């Protein structure tokens with residue numbers, strides 16, 4: 001096993017981890033990865049939908065192409081898709097963008113075993129496998145919340161792509177909030193919609209995430225010319241609402257509202273939440 005144990009204060013120890021209340025020491029690292037200027041955690045459900053998987057892979061790919069390190073947990077679903085997106089870029093442009101899998105086991109244990117080949121590709125591409133657990137440590141209930149705290153520690157910003165209401169992803173979100181670091185979420189799943197109601201920033205794509213990395217809010221919208229569409233936009237807010245409620249708030253016919261809200265969605269002003277409801281994206 002070509003892994004090394006790095007203690008706090010030693011060369012190669014990721015500086016971002018120093019912000020944690022109890023930074024892991026030693027930290028086991030396999031790979032020649034050197035932390036980049038920017039890092040984004042892309043996380044979410046193991047039982048991801050096809051949409052969630054595609055979005056996570058796109059985020060991993062486009063952020064890596066922009067020179068951002070992709071941090072995730074090496075799990076099935078959203079994690080694996082984000083890693084794969086970054087690996088797509090590494091295959092085409094060696095040295096551009098890296099991905100780091102933070103393990104909930106010892107560095108020598110491929111968990112889940114299905115991702116063993118992906119872990120080897122991550123190391124070979126210039127990324128790394130990282131763990132706070134000693135070699136031989138098996139996955140246990142307590143190791144994954146601890147793993148999620150390290151994901152937060154390594155990331156400047158975390159994006160939640162898709163999650164259930166009881167998702168372990170919430171541990172990563174809470175760890176980011178304790179660090180005072182930004183969290184973003186994509187509308188459309190019960191877990192991410194709940195995060196949006198809790199004040200997390202809604203994002204529609206990679207451009208929004210890059211804006212947040214620079215300390216800016218996502219760009220303000222270009223409002224439609226149709227005054228009825230503007231009324232509907234004004235009726236939208238951060239609470240997911242069904243078409244009937246939006247029609248009532250905007251003073252529009254339900255049929256008119258149903259057609260217009262789709263136009264607002266296509267224009268990047270609204271987002272479809274779980275259950276066919278809509279919320280304001282900007």
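Only the coordinates and a few stated rules stand behind these numbers; no lab work does. Just so we're clear, the structure is a prediction, and the values are computed from it rather than from any experiment. Cβ atoms come from the backbone with ideal geometry, glycine included; neighbour counts cover every protein chain shown.
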For the chain, what is the percent of antiparallel DSSP beta bridges, rounded to the nearest 5?
-> 35 percent
Within the chain, helix-based [θ] at 222 nm, where runs of 4 or more DSSP H residues each add -39,500 (n - 2.57), nearest 500 = -11500 deg cm²/dmol
On Cα atoms only, tilt of 169-179 relative to the major axis of the chain in degrees = 80 degrees
Gyration tensor (Cα only) of segment 227-280 to equivalent ellipsoid, semi-axes in Å sorted down, yields 14, 12, 10
Report Rg (one decimal) and Dmax (nearest whole number) for segment 151-246, counting Cα atoms only, units Å.
-> 14.9, 46
Difference of contour (0.36 nm per residue) and Cα-Cα distance, residue 76 to residue 198 | 41.3 nm
Over segment 1-113, what is the relative contact order in whole percent, taking alpha-carbon pairs under 8 Å and six or more residues apart?
-> 23 percent
When 123, 239, 200 are ordered from fewest to most other Cβ atoms inside 10 Å of their Cβ, what list results?
-> 239, 123, 200
Just subtract the alpha-carbon distance of residue 223 and residue 21 from 0.36 nm times their residue separation and send over the number in nm, one decimal.
-> 68.3 nm
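Compute the relative contact order of segment 90-225 as a whole-number percentage, counting only Cα pairs closer than 8 Å that sit 6 or more residues apart in sequence. Could the numbers behind the result be given before it?
On the way: 194 pairs, mean separation 23.1, N = 136.
It comes to 17 percent, rounded to a whole number.
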Which label marks the calculated value of volume of the Cα convex hull per residue in Å³, given the options (1) 161; (2) 149; (3) 120?
-> (3)
For a label point 7 Å from the Cα of residue 11 along Cα→C-beta, name the residues of segment 25-41 whose backbone N is under 16 Å from it.
-> 32-35
Scoring the chain by relative contact order with C-alpha pairs under 8 Å, at least six apart, yields a percentage of 15 percent
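Provide the FRET efficiency to the nearest 0.05 for the residue 274-residue 37 pair, computing r from the beta carbons and using R0 = 35 Å.
The value I calculate is 0.50.
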